[in-house]
Each structure stands twice: as C-alpha cells, then as structure tokens.
Amino acid sequence: MVLMVILFLLLLFWENELNEEVMAATLDQLHVDYPQSDVPVRYCNHMVIQRLIKEPNNTCKKEHVFVHERPRNINSVCNSLRKVACQNHSTILCFQSETKFKMTVCKLIEGTRYPACSYHISLTEGFIVVTCDDMGPVNIQRYDE
C-alpha cells in the first residue's frame, strides 16, 4: 500500500512537470524584463536562451523585443484610447501605449536552429502595440519608435 502511494505521488509530480512545459508562455515571460537583467555581455543571446525564445519549429526568431517597464504599466496599454489596426490585415484591434517604453530589440545576425542563434542588441524607446483579451495584453504585435 505504501508503495502504491509513493508511485501515485511520483506520477502526480511527473504529470505536473510535463504540464508546466506544455503551457503557453505569457507575455510577461516572453517580453517583460523589469527591472532589466544585469547581463554584462551578450544580453540578447543570454535572454533568448534563458527565456526559451524560439519559433514553434525550433528555428531562431528573426527579431524579439524585451520591454523594461513595470508589468502594471504594460497591462494598462489595454485601456489605451489609441486603438490601431493589427498586423496582417486582421479585423482585431490592437492597442498602442500612450507613452514610450524603454526596450531592447534583439535582431538575428547568425544562426538558424535554436539555440545556436546570435543576436545584435539595440537599445531604444518606443510605443508598443499589443493584442488584449479579458486578462490583459496577450502579444506584442510590434513597436513604433
């Protein structure tokens, strides 16, 4: 009986581990770095690996943005009066931030298969354009400097 309880607990733990890997990454996990991580060199390369930033087919993302702003300020973008068209001629409306945010733009310069990706770092400030649902921002569609 004790062996069955131990086996049950092990299976339960293993199932939870698998579910965490399968869960979709949130906007905070993918794009928010506040306060900005203290990575002295190769910030983009480090963050892309640490946050598992890649395309679904395990190729390197061509570009990725890390926003260095408080999550509550990013969440407030969904209340912005600046409604704009989303990418790809979508009928969904996006929301543009009313203030510029500090961000790091990582552009792929070398590599095709994750994790062998090398990025150029560019520090900038710009408006973010996000899609939202009832819970808040879902995805950063683009940024405008």
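Karplus couplings for the stretch 51-65 from phi (6.51 cos²θ - 1.76 cosθ + 1.60, θ = phi - 60°), rounded to Hz, Gly and Pro as x?
My calculation for the stretch 51-65 gives 9, 6, 7, 7, 6, x, 8, 6, 9, 6, 6, 5, 8, 8, 10 Hz in order.
How much accessible surface area, in Å² rounded to 10, belongs to the heavy atoms of Asp144 with a 1.4 Å probe?
Answer for Asp144: close to 50 Å² accessible.
Could you list which residues have their amide H under 5 Å from that of Tyr114, counting only those 5 or more apart in sequence or on another chain, with H placed in the peptide plane?
Under 5 Å from the amide H of Tyr114: Thr59, Cys60.
Let me cross-check Lys100: its accessible surface, 1.4 Å probe, with only protein heavy atoms counted, in Å² to the nearest 10?
100
Evaluate 2.2 N^0.38 Å with N set to the residue count of the stretch 102-145, then give the Cα radius of gyration divided by it.
On the way: Rg = 13.5 Å, N = 44, 2.2 N^0.38 = 9.3 Å.
Rounded to two decimals, the normalised Rg is 1.46.
For the stretch 43-131, which GluC sites (Glu not before Pro) pass both filters: DSSP loop (anything but H, G, I, E, B) and at most 15 other C-beta atoms within 10 Å?
Listed in order of number, the matching sites are Glu98.
So how do His64, His46 rank on accessible area, 1.4 Å probe, biggest first, that is with the largest at the start? It would help to have the intermediate numbers written out before the result.
Values: His64 5, His46 85 Å².
Sorted by accessible area, descending: His46, His64.
The values are calculated or read from the model by the stated rules, or taken from the named source; none is laboratory data. Source: prediction; values computed, not measured. In this analysis, Cβ positions are derived from the backbone assuming ideal geometry, glycine residues included, and neighbour counts consider all displayed protein chains. The accessibility values were calculated without ligands, DNA or RNA, using every heavy atom of the protein model including side chains. Shrake-Rupley method; radii C 1.70, N 1.55, O 1.52, S 1.80 Å.
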